[in-house]
Amino acid sequence: MKNATLIATPALLLAFAATAVQAQDATAVDADGDGQYTYEEVIAVYPDVTEETYMTMDANGDGTVDAEEWATAEADGMLPSEEDAG
Ligand SMILES: [Ca+2]
Ligand SMILES: [Ca+2]
């Protein structure tokens, strides 16, 4: 049974890792961790976000979406649902 355990564990870790990635959207989007979510960073995680949507998310019009604007967009349902991506 030891062999079976060794095989099963990596699969469980992969499943857990996939769940963890989905659960930390905001930090995953801000790839360089500067607190600004550039359009490039956003579409890397949410390919369905159009430039128009991004500009709508950029509430103060400074050209980037910050954490506060991101949270507002998320609350307003502007981000495509992860459930639709499958
Ligand atoms: Ca960034
Ligand atoms: Ca902004």
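Derivation of every value follows stated rules applied to the coordinates shown; laboratory data play no part. A quick note: this is a predicted structure, and the numbers were derived from the prediction, not measured.
Miscellaneous remarks
- Computed extension length for Asn60-Ala44: 3.5 nm, one decimal, from 0.36 nm per residue of separation with the Cα-Cα distance subtracted.
- Sequence-ordered 3J(HN,Hα) estimates for region 33-39 from the Karplus curve with 6.51, -1.76 and 1.60 and θ = phi - 60° stand at x, 8, x, 10, 9, 5, 4 Hz, glycine and proline given as x.
- Mean separation of Cα pairs under 8 Å and 6 or more residues apart, divided by the residue count, gives region 24-80 a relative contact order of 33 percent.
- Tensor-based shape of region 24-80 (alpha-carbon gyration tensor, a/c under 1.5 rounded, otherwise prolate or oblate): rounded
- Other-chain or far-sequence residues with amide H under 5 Å of Asp66's (modelled H): Tyr37
- Using θ = phi - 60° and Karplus 6.51 cos²θ - 1.76 cosθ + 1.60, couplings along region 71-78 (whole Hz; Gly, Pro as x): 4, 5, 4, 5, 5, 7, x, 6
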